[in-house]
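Peer 1: Have a look at the structure that comes next, please.
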Amino acid sequence: MFNKILIANRSEIALRIIRACKELGIKTVAIHSTADTNSLHVRFADESVCIGPPESIKSYLYIPAIISAAEITGADAIHPGYGFLSENPSLAEICETCGIKFIGPTPHNIRLMGNKVKARNTIQAAGISIVPGSPEKVETALEAGEIAEKIGYPVMLKASAGGGGRGMRILKNKQDLYDSFGLVQSEATAAFADPHIYLEKYIEKPRHIEFQIVADEEGNAIHLGERDCSIQRRHQKLIEESPSPAISPELRKEMGDCAIMAVKSINYQSVGTLEFLIDRDNNYYFIEMNTRIQVEHPVTEMVTGVDLIKEQIRIAAGESLTIKQKDVKIFGHSIECRINAEDPDTFIPSPGKITALNMPGGPGVRVDTAIYSDYTVLPYYDSLIAKLIVHGMDREDAIAKMNRALEEFHIEGIKTTIPFHKKVLSHKDFLKGEFFTDFIEKLNSP
Ligand code: ADP
């Protein structure tokens, strides 16, 4: 097992990783920008290193500073968390060269799945359905137009290197496609430094269902059930739950088997997530794989009792999986609300000082956060400030707990999305479990 892990991240996920390390008896090193000196992850780690100014590009994304920090402190592994460098194959490669273990999959698999066109082809070759679309990247509007005619409108143009819900556009007809092609290409170049785009059939009113997988270096792989992440705004998740109210045990088994088959086909080692869209007829299509721990991993932890961060660390240390598929039991129901420092109506970021704070608690309530009273939410980073997670005997119980916990959660001084979550949690379609990725759009339209 590792002696010391450097956490190349900040905020709640850095704290989450520190907690897992403490329970495993591993020492921790926090890195931080000058703006994060007073952050909880810095206080809770055994050691900390300031690696640069507030801008991410000069600190949390700056590989030379991170590697130097690991070398100076004698860390034998780096955990990248999510976001920042977590899906950057260069960091994984440089770690290998420097004799530091990267806690995640191989650079090859990060690169393979990070290219969505290659990912689609690889997963299809493993025998799993993908969203109908272009077999390769599309170079011209003419080429895209021909494929769109074949698969039928509406279609989506997506950046091959896209992420975070950005770099995709829905096109209703040929004119739309011709007008937008160049624009999507330049957006992809600007946002991801990669102009490659591809075409997918636009699935109307789908559910976003993803499978958590865990695989070790010996080739053992299991799935821990699904998460339903259909409550999204602009293709970004806001509420996640497990199990999905839309998945039958038979479909869970079938999709879970597919997810295992997919990761085995690429000899994947670590935790990871296979994302699918499901249409109204229960046809499921792979959209992408995330080769890292996800923001929403706690809902899976709550229903399975598996600590995903500890598993991820153990696998990176060369240990084999302790759980077999037959031992995985889904117990009760879990929901997560992402609390963002944003205006609940416009979703415009609302950084600033937290003047008063009351965190919810009680049975079945978990808060993953790094905020405290007097903490200043910084404008430089993501607006996620807390993840409120509940676990109930069933979905109804979980919703009741979430409503209670949202009532108890008081954050003063800044605006947050708590009122938005209360609105969703009382909506009849959410209560019935009948919602699709257009839920929020419909909620906000008059
Ligand atoms: P990202 O990597 O940016 O998260 P994804 O490919 O995972 O992008 O898609 C994010 C979300 O965008 C999906 O959950 C879904 O809501 C929507 N989406 C993506 N592809 C399609 C599609 N072909 N049809 C309908 N919705 C889609």
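Just so you know, all these numbers are worked out from the coordinates, no wet-lab data involved. The shown structure was predicted, so the numbers you read here are calculated from the model rather than taken from an experiment. With ideal geometry, Cβ positions are generated from the backbone for all residues, glycine too; neighbour counts draw on all protein chains shown.
Peer 1: What are the extents of the Cα atoms of the stretch 247-323 along their three principal axes, listed from largest to smallest and rounded to whole Å?
Peer 2: Here the Cα extents, ordered largest to smallest, are 42, 28, 22 Å.
Peer 1: Right, next: Would you be so kind as to identify all helices of the chain, as entire DSSP H runs, whose Cα atoms reach 27 Å or more along the helix's own axis and whose mean Kyte-Doolittle hydropathy is at least 0.0?
Peer 2: Result, helices passing both filters: zero.
Peer 1: Kirkwood Rh, Cα Rg: Rg to Rh for the stretch 166-284? The partial results should precede the final answer.
Peer 2: Working: Rg = 17.0 Å, Rh = 16.4 Å.
Radius of gyration relative to Kirkwood radius: 1.04.
Peer 1: Subtracting the Cα-Cα distance from 0.36 nm times the residue separation, let me have the gained length for Ser426 to Cys98 in nm, one decimal. Mind showing how you got there, number by number?
Peer 2: Working: separation 328, 0.36 × 328 = 118.08 nm, distance 5.20 nm.
Computed gain between Ser426 and Cys98 is 112.9 nm.
Peer 1: Kindly flag which residue pairs out of Lys205/Lys237; Lys101/Lys158; Lys264/Lys329; Lys415/Lys442; Lys116/Lys423; Lys172/Lys442 have an alpha-carbon separation exceeding 25 Å in this structure.
Peer 2: Lys101/Lys158; Lys116/Lys423
Peer 1: Hey, another quick one. Would you pull out the residues with amide H under 5 Å of Val138's amide H, same chain only if 5 or more places away, H placed 1.01 Å from N?
Peer 2: Ile197, Tyr198, Leu199
Peer 1: While we're looking at this one, here's another question. Given the convex hull over the Cα atoms of the stretch 221-362, what projected area results after averaging over all orientations, in nm²?
Peer 2: On the way: hull surface 45.0 nm².
Mean projected area for the stretch 221-362: 11.2 nm², to one decimal.
Peer 1: State the Cα centre-to-centre distance between the stretch 312-333 and the stretch 246-280 in whole Å.
Peer 2: Their Cα centres are 16 Å away from one another.
Peer 1: May I pose another question? Taking the Cα-to-Cβ direction at Glu23 and at Met393 and moving 7 Å from each Cα, how far apart do the two end points lie in nm?
Peer 2: 2.5
Peer 1: Just want to confirm a number: the relative contact order over the stretch 207-444, from Cα pairs under 8 angstrom separated by 6+ residues, in percent.
Peer 2: It rounds to 21 percent for the stretch 207-444.
Peer 1: Rounded to the nearest whole Å³, what is the per residue volume of the convex hull around the Cα atoms of the stretch 4-103? List each step's numbers first, then the result.
Peer 2: On the way: hull volume 7.9 nm³, N = 100.
Taking only Cα atoms, the stretch 4-103 has a hull volume of 79 Å³ per residue.
Peer 1: While we're looking at this one, here's another question. Quick check: convex hull of the Cα atoms in the stretch 349-446, volume per residue, rounded to a whole Å³? Please report the intermediate quantities before stating the final value.
Peer 2: On the way: hull volume 11.1 nm³, N = 98.
Taking the convex hull of the Cα positions in the stretch 349-446, it is 114 Å³ per residue.
Peer 1: Starting with the highest mean, order 330-337, 345-352 by the number of other Cβ atoms within 10 Å, averaged over the residues of each peptide.
Peer 2: Going by the mean number of other Cβ atoms within 10 Å, highest first, we get 330-337, 345-352.
Peer 1: Still on this structure, please answer the following. Could you list the square roots of 5 times each eigenvalue of the Cα gyration tensor of the stretch 207-444, that is, the equivalent ellipsoid semi-axes, sorted largest first and rounded to whole Å?
Peer 2: Sorted largest first and rounded, they come to 30, 21, 17 Å.
Peer 1: Efficiency by 1/(1 + (r/R0)^6): what FRET value for Arg280 and Asn173, r their Cβ-Cβ distance, R0 = 25 Å, to the nearest 0.05? Kindly include the intermediate steps, with their values, before the conclusion.
Peer 2: Numbers: r = 22 Å, r/R0 = 0.89.
Once the sixth-power term is evaluated, E becomes 0.65.
Peer 1: What whole-number value in cubic angstrom gives the convex hull volume per residue for the C-alpha atoms of the stretch 132-201?
Peer 2: Once divided by residue count, the hull of the stretch 132-201 is 69 Å³.
Peer 1: Something else: At q = 0.09 Å⁻¹, what log₁₀ I(q)/I(0) does the chain have when each alpha carbon counts as one equal point scatterer in the Debye sum?
Peer 2: Relative scattering, expressed as log10 I(q)/I(0), comes to -0.57.
Peer 1: In percent, what relative contact order does the chain have, based on Cα pairs under 8 Å that are 6 or more apart in sequence?
Peer 2: On the way: 955 pairs, mean separation 61.9, N = 446.
Normalised by residue count, the contact order of the chain is 14 percent.
Peer 1: Along the principal axes of its C-alpha atoms, what lengths does the stretch 207-256 span, in descending order and rounded to whole Å?
Peer 2: Principal extents (largest minus smallest coordinate, Cα): 39, 24, 12 Å.
Peer 1: When you count, for each residue, the other Cβ atoms within 10 Å and take the mean per peptide, how do 106-118, 76-88 rank with the highest first?
Peer 2: Values: 106-118: 19.5, 76-88: 22.5.
The most tightly packed comes first, giving 76-88, 106-118.
Peer 1: Using a simple spin-label model with points 7 Å from Cα along the Cα→Cβ vector, what separation in nm is obtained for Ser320 and Lys118?
Peer 2: 3.0
Peer 1: Across 5 Å bins from 0, what is the distribution of all Cα-Cα pair distances for the stretch 58-187, in whole percents?
Peer 2: 2, 9, 16, 16, 14, 11, 10, 9, 6, 4, 2, 0
Peer 1: Write out the GluC sites (Glu not before Pro) in the stretch 253-312 meeting two conditions: DSSP loop, and at most 14 other Cβ atoms within 10 Å of their Cβ.
Peer 2: Those that pass, being in a loop and sparsely packed, number zero.
Peer 1: I need the calculated FRET efficiency for the pair Glu441 and Lys150, taking r as the beta carbon distance and R₀ as 30 Å, to the nearest 0.05.
Peer 2: That pair, Glu441 with Lys150, gives E of 0.60.
Peer 1: May I ask for the distance between the Cα centers of the stretch 377-446 and the stretch 92-120, given as a whole number of Å?
Peer 2: Cα centroid of the stretch 377-446 versus Cα centroid of the stretch 92-120: 34 Å apart.
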